Structure formats: C-alpha cells, structure tokens
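K.L.:
Provided herewith is a single structure, encoded as structure tokens, for subsequent inquiry.
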Amino acid sequence: MTPAEYNSAVDAHADGLYRFALKHLRDTDQAKDVVQESFARLWSRVDQVEAAKAKSYLFTTAHHAMVDEVRKGGRVRRLEEQHAELRSTSQSQPDLKAVLDAALATLPAIQRSVVLLRDLEGYAYEEIAELTGLNLAQVKVYIYRGRTALKDYIGQLDLVI
Amino acid sequence: MKKRIDHSNYEAWLLDRLEGRLSSEQERELEAFLLANPDIHAAEGPLPAVGMGDDRLARFDREGLKRALPPQGVIDADSLDDYLIARMEGDLGARQIEELERFLAVHPQHAANVRLLAATKLAAEPVAFPSHASLKRALPPVGTVNVHTLPDHLVARLEGDLDAQQERALAAYLHQHTDARADWDALQRTKVVAEAIAFPHKDSLKRALKVIPLFPRAVVRWASAAAVLALVLLAWWFRSPERPQVAQAPGPGLNPPAAIADQDDRADLTPAVEGSASEEHRQPAPDQQRPMFPDPLRRAPLNEPVREVPHEPAPQEAPMAHVPEPDERIDPLDPEPVLVAQATPTAAQGQQPVASGAAANADPRSLGDALAGVLRERVLDRPADEQRALDATDAVAAVDRGLKAVAGERAGLSVQRDDQGRQRGFSLRLGRNLAFTASR
C-alpha cells in the first residue's frame, strides 16, 4: 500500500481499533499505545500489506498485543472483586453497559477478543479465525463460552444486588 | 474385637468380609446370622464395586453427552443456553427457532435466562480515537520525533531530509534515549560507501566511427603542422615585446627596400617620397606620430634612434646613398637592435625620381610596417595602410585564411571569447573529419 493509502487507513480504522482496544483493556493510555503500536507496525510493512488487508492486519496486531499485555499484566480479577467495585462505584443500580464492561474484563483475553470482534466489528466466524489465528471450531467455542460467562456474571450480579 | 452381629451392624460385618478382614470364626458367625435372618438379601450377591461389571456407557448415554455448535437435537434445559446463543448469533435455522420458541412458551421459567443472554450482546457505540494526526505518516516525516516515528526520523536524518527544528528535536531525543542512539549508530553503518571499481573491459564497450578522409593523411598532417607552426610564429611575432625592430637609420638617399613591395605599394607606403623634400614632409604625419602599437609593444619612432645614443650632429656630407657605418657605440654583440642596411636604389627604382635624403627620411615605414601592410591587404583583405595595429585577432584570421587555402573551406581556426574579450576556447579544423576543439 502507498503512504496515501496508509493515511486513508488511519482515517477509516483508527476509531474502530481504539474502541476495540479500549473495551479490551479498559485503560485509555494502554488502548492508545496499542493503536499507535498497531499502526506503527503497519507502517513498517507498508510496502508488504495490501490496502484491502489493512484492517485485518491492524486488528490482528492489536489482538496479539493485547493478549500479550494481559498475560504480562497478571491475574484476571476475581468475580467478587468486580462485584465489589460495581457496588462501591454506583450507589444506584449500575447500568447494563457498565456491568457488561465489567463482565468482559472477567473473560480470558482470547475470549474477550473474539466476543469484541464479533459484536463491535461484526466479523464472521471465519474472519475472526483468520484474525486471531484460531480455527473455526475454537472461535465458536470461545464465543459460546464467552456469552455464557457474561450471562452468568450478569445473573450473579442481579442476585447480589 | 467386633461387637456381636445384629441388625444394626451386619453391614459393617459384610464390608469387613468384603475387604477380607474377618477371621474364620467371624465368617461362620456372619453366615449364621444371615441364615437366621432371611429378610437380609446381602447374601444374594456381592456388593457392587468400582471396576466390576461393564464400564462402557450405554449408547444412548454416550450420544446424550455429545454437543455441537450450533446445537442440534432436542431442546432441553441443558442445551437451552446453547440454543439461545445460537439464536443470537444467527446460527439457527427456521425450524430450530420455532422449536425454541415453543420450548420457551412451555417453560416460562427460562424467561430470565433469555433476558440475561440477550443482555450480553455488546452495543457498538462510536468511540473516537483522540489524535488521528499522530498516526499519520509522511516521507520524509513531519513533526518532531517520538517513539513511533523514530525510525523514519533516523532514516530522514541519514538522507539529510530533516529541517533544523527536526534535527534539534532528534538530537535531544537521542541524547535522552540510549536505545535510540544505538539504533542511530547501527543505521549509520548501513550507508554504502562508494568504492572505486573499474570495469575491466571498458575498451570492449567502445564503438569506433568510420571516418572517410577527404584528403590523404599525409596532406592533412603537413597542413596541420604548417598551421600550427604559422600560428606559433605569428603569435610569437605579435606578442613578443622584444621582437626585432627595424630601424631606419637617418641619412640621405635611403629608400625602403625594393623587395618589400612593388612600385605601387611603395608609392602607397611612401607617400612623402614624391613630394618635396621639405622639412615639413620629413616630419611624420600626425597619424604617423602616434605609436603603431600599444605601449608594451610600442617601438621608438622611426626618426629616433633605436637605442639611446648621444646626439651628434648629422653629417653634412653629399646626399648620396650609402650604407652608414655602424655606430661603434652600439655593442655589435647585442642582437637586439638589428639594423637593416638600406639598399642602394636600383635601376627600376631609378625610374622614380630619386628622393633626396630628406625625402627618404620622411618615409616612416619600416620593414615591419611593410609586412603588416602586405598581410592586411593580401591576407586579411583590409587596406594596407590601416592604422590599427595587428593583434592576436588578426593572427587568428591569418591562420584561418591559410588553413582554408590549404584544406578548403571546411578548415580554419576560430577562437571563442567571452564578453570581456578573454579567450574561452578555440576550434582548429583541419578538414571535414579532423578538428581540435578546446574550451574552458
């Protein structure tokens, strides 16, 4: 792709990539770093990546960067900690968006990426498999297990509140 | 020791027998108890134990454990979540959706489950990245360096594409970041040095043009040599400030040499000869009093002696032509003042009125003037009595004419000069196929 096509990709995909990273990491600084890193890698291979593949290249790079970041970051917070945080930060009943964001944080990184790619970007199973390097069956399992885990989280929070 | 066997502890006895911990007496006692109490069916068979019997699941049970995504088969409480998720993901067919809706209608207790799963669908609300400009790139890079644009800035610095502000920012960045400095050092080593490598068979690449000479090579050579020789001689003649001067000794009866010019020429050259021999005519004309050459080349007026000698009164001898005695005060070994002996008037000259000595002295022409006149008239096609001194341009024109006379119109010599008259080059053409050109 040419430098002009690269800059067009910035306009077209930077927001979506930032949303993907922000939902995944729940940290604006880390999300910005992921976006910067993803575009930096795309720029370093600007002569090898086709313009039509720019979006998938960006999301693949961001996915792997975030999975590595989560692995380096250590443990996933326990469910009880998430519930306590939600109760402490909101005197009234927390809205569903906040609950769902909190629920996403409890998912394993790969499951989270798969669910986010499915819901936010509307990718098909095959596309998610290509982006994440998983096979089709693994993608389906991660989506089904991720949904079940989110439902369980929300259900338990309903009981608690 | 175990207690006596009864209805409350007979099972413990049975377990002990199973594990082989009963003695023979206890075995007999247990058998007697079981016979006395036929309502206890423990004796009908061994107690079930792990690993005994068929450990393979029934086919029905095994099939019941299988799962598929999207789900298939009968909808029940266990598979309900998979069906609900499959409906969210659009994985169910129309028939499966109808079955699922019928199941949910029959089992309203699962409505909460349906609501929770529907809530797990994330909404793709718009989120804007705060600084698109920081992601954009250009070559050479725009703006100051940061961790993401460092490679581009380093390459641009190597190529000399950074402006002063970017250079300062990059220098400060490198000063603060050791890793970046290492990258810069490594990048500098990637510069390929231009080595001097010569192609070994360069001559084999050259192509020669076929030259068809118009003249035999010997003629061209001789013409070239003659032209160069003439050029050198003329240049030496007109340039040398110490060139031989022709002086005409003052004295009566001296005429210009007849060999220099014919009668007509002599008439032109000696306009005063035919006139009266008055003092007025002996004096050079005002034009003739002006120096013929510029100062460096200026020679003494013909009325003056070539060399400063003490003035002596002119001899009052008869005005007959004679060869004057050489001045003994002039060093004969000094080659500089070459005195040309004036010939005695010939018979042909005698047809002309013999000029008196005063009239002869009035002729300001010298041998050099005569030669210059001939050159002007015969070679340069200019008036012989032109007052302008011959110079280098005339020399070039003379050579040019000479070359044309020898080798045709294609030959010649030309000198290129700039606006200030300085030589910038020359072109010496010795024929159609031979030329020498040089330029500065």
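The values are calculated or read from the model by the stated rules, or taken from the named source; none is laboratory data. All values derive from a computational prediction rather than experimental measurement. The area values use the complete protein model at the heavy-atom level, side chains included, leaving out ligands, DNA and RNA. Shrake-Rupley method; radii C 1.70, N 1.55, O 1.52, S 1.80 Å.
K.L.:
In what sequence, largest accessible area first, do B:LEU14, B:LEU229 appear using a 1.4 Å probe?
P.N.:
Output order, biggest surface exposure first: B:LEU229, B:LEU14.
K.L.:
Full-extension gain between B:SER23 and B:LEU214, please, as 0.36 nm times their residue separation minus the C-alpha to C-alpha distance.
P.N.:
Taking B:SER23 through B:LEU214 to full extension adds about 54.5 nm, to one decimal.
K.L.:
Report the accessible surface area buried between chains B and A, summing both sides, using a 1.4 Å probe on protein heavy atoms only, in Å² rounded to the nearest 100.
P.N.:
Answer for the B-A pair: about 3400 Å² buried.
K.L.:
Would you mind checking A:LYS32/B:LYS191; A:LYS53/B:LYS66; A:LYS55/A:LYS151; A:LYS72/B:LYS121; A:LYS140/B:LYS136 for any pair whose Cα atoms are more than 32 angstrom apart?
P.N.:
Pairs exceeding 32 Å: A:LYS32/B:LYS191; A:LYS53/B:LYS66; A:LYS140/B:LYS136.
K.L.:
I would also like to ask the following. In region B:114-136, which residues become less accessible by 50 Å² or more once every protein chain is in place, relative to the chain on its own, using a 1.4 Å probe?
P.N.:
B:LEU116, B:ALA119, B:THR120, B:LEU122, B:ALA124, B:GLU125, B:VAL127, B:PHE129, B:HIS132, B:LEU135, B:LYS136
K.L.:
Taking θ as phi - 60°, what are the ³J(HN,Hα) couplings along region B:372-385 by the Karplus curve (6.51, -1.76, 1.60), each to the nearest whole Hz, with x for Gly and Pro?
P.N.:
These are the phi-based 3J(HN,Hα) values: 5, x, 4, 5, 5, 6, 8, 9, 8, 6, 10, x, 5, 8 Hz.
K.L.:
Oh, and also: Can you give the accessible area of B:SER131, probe radius 1.4 Å, in Å² rounded to 10?
P.N.:
Solvent-accessible area, nearest 10 Å²: 40 Å².
K.L.:
Output ³J(HN,Hα) for region B:22-36: one whole-Hz value per residue in order, computed from phi by the Karplus curve 6.51 cos²θ - 1.76 cosθ + 1.60 with θ = phi - 60°, and x for Gly and Pro.
P.N.:
3J(HN,Hα) across region B:22-36, in whole Hz: 8, 7, 5, 5, 5, 4, 5, 5, 5, 4, 5, 5, 5, 5, 6.
K.L.:
Need one value: the accessible area of B:GLU101 in square angstrom, 1.4 angstrom probe, rounded to the nearest 10.
P.N.:
Surface accessible to solvent at B:GLU101 totals approximately 100 Å².
K.L.:
Also: Short version: which residues of region A:100-132 lose at least 30 Å² of accessible area, all chains versus chain alone, 1.4 Å probe?
P.N.:
A:LEU100, A:ARG118, A:ASP119, A:LEU120, A:TYR125
K.L.:
I'd like the Karplus ³J(HN,Hα) series for region A:50-66: coefficients 6.51, -1.76, 1.60, θ = phi - 60°, whole numbers in Hz, and an x wherever there's a Gly or Pro.
P.N.:
Along region A:50-66, the couplings run 6, 4, 5, 9, 4, 5, 5, 5, 5, 6, 5, 4, 5, 4, 5, 5, 6 Hz.
K.L.:
Using a 1.4 Å probe and counting only protein heavy atoms, arrange B:VAL232, B:VAL127, B:VAL74 so the residue with the most accessible area comes first.
P.N.:
Listed by decreasing accessible area, they come as B:VAL74, B:VAL232, B:VAL127.
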